[in-house]
Amino acid sequence: MLTCSVCRTVGTVLAGITLLVGVATWAAGSDVTSNGVASEKTKVTLQEQLESGLRARRPQEFAYIKRIVTLVEQGVLPRKLVLETFDWARQKHRKYPLPYFQFGLRKRAELLGINID
């Protein structure tokens, strides 16, 4: 038979888990379906991801990102290469990742024989 202190501990743990699940569900809002998959309205395009994540601000930065997205859509530039470079640049410099992204993507694309300039 369990003692009262064990019952309280188990009850506290279960209450904590329930609270965490509730908070996670609340934070996700209605953008998550019952099977945990994001609905259509939460999907972000590559262009939106790059503009936001790389903190693009100037018109020439938006134009650069649009050019990169076009190269990906045309199949010239591998999407995986762009996303890996995106992650690397954001780790390298959180406040100003765009110059690191531009440099890194140019160098990595050159290794594959792709000219992005």
Exercise for review: Give me the distance in nm between label points sitting 7 Å out from Cα along the Cα-to-Cβ direction at T70 and L112, one decimal.
Suggested key: 1.8 nm
Review point. Modelled label-to-label distance, R90 and F62, 7 Å Cα→beta-carbon offset: nm?
Key: 2.1 nm
Check your understanding: Got a number for carbon plus sulfur as a percent of region 56-117's accessible area, 1.4 Å probe?
Key -> 52 percent
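Using the Kirkwood radius built from alpha carbon pairs, what does the Stokes-Einstein equation give as D for region 77-117 at 37 °C and 0.692 mPa s, in µm² per second? Walk me through the numbers before you get to the answer.
Values: Rh = 10.1 Å.
Rounded, D is 325 µm²/s.
The values are calculated or read from the model by the stated rules, or taken from the named source; none is laboratory data. Every value quoted in this text rests on a predicted model; they were computed, and no experiment measured them. Neighbour counts are summed over all protein chains in view; Cβ atoms, including those assigned to glycine, are modelled from backbone coordinates with ideal geometry. Side chains are part of the model used for accessible areas, which takes the heavy atoms of the whole protein and leaves out ligands, DNA and RNA. Shrake-Rupley method; radii C 1.70, N 1.55, O 1.52, S 1.80 Å.
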